[in-house]
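As structure tokens, the structure follows; a few thoughts come after it.
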Amino acid sequence: MKHGLAQINTNKTDDLLHNIPEIINKTFPIPERFRRKLPSDVAELSRLLTNKRGSRSLSYLARPNFLSAYLHYFMPWNLFRLCLLLPVLDLGLNSGDTITDIGCGPLTFASALWISRPELRNFQLEFNCIDRCGPALEAGRNFFASLTASNKESSCAWKINTVKEDIDIRQPKPQQKRKQASLVCAVNIFNEIYDNLSHNDTDGLRKMSVNAAKLMHNEAVKNASILTVEPGVPQSGKFISFLRDAFLEMGHTPVSPCTHTAPCPFVNGYTKIIKGRDWIDTKKRWCHFGFETSGAPKQLRDLSKAAKLPKERLVFSYLFTGKANPQYKKDEARIISDAFPLPENRFGRYGCSSQGLVLVTGDRSRINEIQPLSIAKGYFSSENSDGRHDKKSGALIMDL
């Protein structure tokens, strides 16, 4: 089996990540009389970002109390999440490249890249960090300066350009002209727009995914890498599937998490499990990845508890298109679920392969060794020409 997940396991990266709350506190100090309100501000902002989305302004980070809550709570969790993902991806960056970050907020992507990819710190990289919120951009510059100053080994070779610009995939507008980038990314930005759609509005979501793909494509050089990261909820999973279709139409090859360029098994909520025959409803399954938070900084976990938002897992959906398509084989699958028990003392995890949705099975110890985002290798035992299928999910069974 291949392990695609790069753990946060270098001492320097791990130490820097755990020092993030301290860096934030020094960069954005909160007077004691306001600090007591931080947990309630975090809780209120969380409600605005979830079940009260309809009453949220797109410029919510311009409010000082919400910006403070975002910087002390949401930004470090987003950093931790990105630091799980970025070491896995072959970004294909070279010194002299440009990176465009659409909807950058307080420069979360650039900061996560600095933390989790230390081999890039001496590269001459230029960032176009685009957001509609001026205070968030200013806060991001201050935080990034503090973050890079904590590295006493060398000065920062990266050039950061902050660009205040409105991004809206509902009604695309002409973009400002700027140098096209070798890497274009959009992290937790599109959901703020498409989440206002009815979850039954499939055509509207597909249209937004096409607009999002065009937006990122227009910012990119030919054969650029493009990364989109969204919350790990069903609507986001559906959006990512449609986005994948749109990128394929434009000639951008999905490299991760996809292990193939065949139709997405999760698009429209159905997967074809036996060629030419049955379709299985997969509306309760979507492409997303979850990780435990025990390795997160204690100060951040304590703030989560104080805000009555205990966070035991971090989940996200993402799509990365790159310069080349990895040559995955039929007996390889990207793991997309936690482990769960099966009959006869077996355990399993769901995966995605060129065969569609698969159920990867094995004994408990071997299944627990596999992490979400990893590539598992196994074999299909053929009781008939179509192999064996899980009766509950319809997934093709692959044994480790």
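Quick notes on this one:
- Within the option set Ser111, Ser95, being part of a helix (DSSP H, G or I) and either modelled with pLDDT of 95 or more or under 21 Å from Arg313 (Cα atoms) (or both) holds for one residue only, Ser111.
- Region 85-99: number of residues that are under 16 Å from the mean Cα position of the chain (by Cα), open to solvent by less than 10 Å² (accessible area, probe 1.4 Å) and touching a residue at least 60 places away in the same chain (Cβ under 8 Å): 3
- The single condition among (1) open to solvent by 10 Å² or more (accessible area, probe 1.4 Å); (2) under 18 Å from Val255 (Cβ atoms) that His72 does not meet is (2).
- Residues in region 118-154 that are hydrophobic (A, V, I, L, M, F, W, C) and in contact with a strand residue (DSSP E or B) (Cβ under 7 Å, 6 or more places away or on another chain): Leu125, Phe127, Cys129, Ile130, Leu137, Phe144.
- Considering only residues in region 128-180 that are assigned to a strand (DSSP E or B) and more than 28 Å from Gly204 (Cα to Cα), the one that is most open to solvent (accessible area, probe 1.4 Å) turns out to be Lys159.
- Boolean, Thr100 is hydroxyl-bearing (Ser, Thr, Tyr) and at pLDDT 95 or above: yes
- Checking Leu137, Leu67 one by one, the residue that is over 29 Å from Leu373 (Cβ atoms), at pLDDT 95 or above and touching a Leu at 6+ places or on another chain (Cβ under 8 Å) is Leu137 and no other.
- Of the candidates Val221, Val229, the single residue that is under 25 Å from Phe127 (Cβ atoms) and either polar (S, T, N, Q) or surrounded by fewer than 17 Cβ atoms within 10 Å (Cβ to Cβ) (or both) is Val221.
- Residues that are closer than 15 Å to Cys83 by Cβ, in a helix (DSSP H, G or I) and open to solvent by 70 Å² or more (accessible area, probe 1.4 Å), drawn from region 287-318: none
- For region 181-208, a tally of residues being over 15 Å from Thr100 (Cα atoms) and assigned to a loop (DSSP other than H, G, I, E, B) returns 8.
The values are calculated or read from the model by the stated rules, or taken from the named source; none is laboratory data. Quick caveat: nothing in here was measured; it's all calculated off a predicted structure. Ideal geometry is used to build each Cβ from the backbone, glycine not excepted, and the neighbour counts take in all protein chains shown. The protein model used for the area step is the full one, side chains on, heavy atoms only, and it has no ligands, DNA or RNA in it. Shrake-Rupley method; radii C 1.70, N 1.55, O 1.52, S 1.80 Å.
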